[in-house]
1. Where in the stretch 1-83 are there strands (runs of 3 or more DSSP E), lying wholly inside it, with at least 2 residues that are crowded, with 16+ Cβ neighbours inside 10 Å?
2. Across the stretch 24-36, what is the total count of residues that are touching a Leu at 6+ places or on another chain (Cβ under 6 Å) and either closer than 21 Å to residue 78 by Cβ or among the β-branched types (Val, Ile, Thr) (or both)?
3. Only one of these is at negative phi and at pLDDT below 95: 281, 234, 258. Name it.
4. What about residue 206, is it surrounded by fewer than 13 Cβ atoms within 10 Å (Cβ to Cβ), closer than 26 Å to residue 279 by Cα and small (Gly, Ala, Ser)?
5. List pairs: first in the stretch 168-183 and free of Cβ contacts under 8 Å to residues at least 60 places away in the same chain, second among the aliphatic types (A, V, I, L, M) and surrounded by fewer than 16 Cβ atoms within 10 Å (Cβ to Cβ), Cβ under 8 Å, 6+ apart or cross-chain?
6. Please report, ordered by residue number, the strands (runs of 3 or more DSSP E) entirely within the stretch 158-259 with at least 2 residues that are within 22 Å of residue 38 (Cβ to Cβ), among the hydrophobic types (A, V, I, L, M, F, W, C) and within 17 Å of the chain's Cα centre (by Cα).
7. For residue 142, state whether it is under 27 Å from residue 192 (Cα atoms) and in contact with a helix residue (DSSP H, G or I) (Cβ under 7 Å, 6 or more places away or on another chain).
Amino acid sequence: MLYELHNEQMTITADPFGAELHSLCREGREYLWQAGDAWKRHAPILFPFICSPMENRYRAFGDTYTMRANHGFARDLMFTLLEQTPDSLTFELKDTPDTLAQYPYPFRFTVRYTLLPDGVKVSHTVYNPGKAPMFFYIGGHPAFNCPLLPGERFEDYYVEYAQSEHITQRIDGKLVTLLEDGNCLDMTRSLFDHDAIILDAPRSKAVSLRSEKSPHSVTVEFPESGCIAVWSPTGDDRAAFVCLEPWTSLPVYADDDTPDLEEKAHAIRLAPGEEYSYAYTIRVQ
């Protein structure tokens, strides 16, 4: 069952399965990728990992665990609708014996969508009900239609960072510069030949998907993020979308110098009885 919110300009729908946003419309124009053969998802939520540790294995409390799916388990589990108001939907996920077999921390994880006049705010809250500190990562993975209008091409679009950035990517063991103190990346299929373009500690607090041929655009604001990723499947013209992914930090595999989750440099540490909040906003025009 999908839940819907709407105001004068915006309509969103969200699914309790994965607490995933399924639609983001402004004045009848759909901005969110509607799934398909190129990628079966819309805007999955990444928790408690971003990406996967080496061989999906890691240690916690001195024992070895296997996270069975990439990006953690939240995107593939049923949440409970905790609250619905005229302008918000709140979903909740709690630990189960199955999650504890993969990730040995009790938790309460809530996702709230708050409808705005020009978009939606996505808020996450983690509560630690356990007796020991817990460690985790959170990420957004929304996919936006590219192109946004019929008659346009994927290559008509570019990603614009709010600030000038220096972006590199490791290719065949060498560090290659993709952006040299600039703020625009032109969209091409080959741009993603080596997977997502990940920017650690960005100067920018927002990134946009734009085209000189269209008045319509998407902007993701991420004031609390330590990392922003851009991704689209390489070499697949059916993949008419670009993901703008605000993450709390670099992904878990960036910390594979140690298998111990408690020692991973970019994992969030949450003390017993404490709460952690993380949010970003999507605006469309």
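The values are calculated or read from the model by the stated rules, or taken from the named source; none is laboratory data. None of the values given here were measured: they were computed from a predicted structure. Ideal geometry is used to build each Cβ from the backbone, glycine not excepted, and the neighbour counts take in all protein chains shown.
1. Details: elements: 3-6, 10-15, 20-26, 57-60, 63-66.
In the stretch 1-83, the matching strands (runs of 3 or more DSSP E) lie at 10-15, 20-26, 57-60.
2. Total satisfying the criteria: 1.
3. Details: 281 fails: at pLDDT below 95; 258 fails: at pLDDT below 95.
That would be 234, the only listed residue that is at negative phi and at pLDDT below 95.
4. no
5. 168/175; 168/176; 169/175; 169/176; 170/176
6. Working: elements: 174-186, 197-200, 206-211, 218-221, 227-231, 241-247.
Ranges flagged: 197-200, 206-211, 218-221, 227-231, 241-247.
7. Numbers: under 27 Å from residue 192 (Cα atoms): yes; in contact with a helix residue (DSSP H, G or I) (Cβ under 7 Å, 6 or more places away or on another chain): no.
Here the answer is no, as residue 142 does not meet what is asked.
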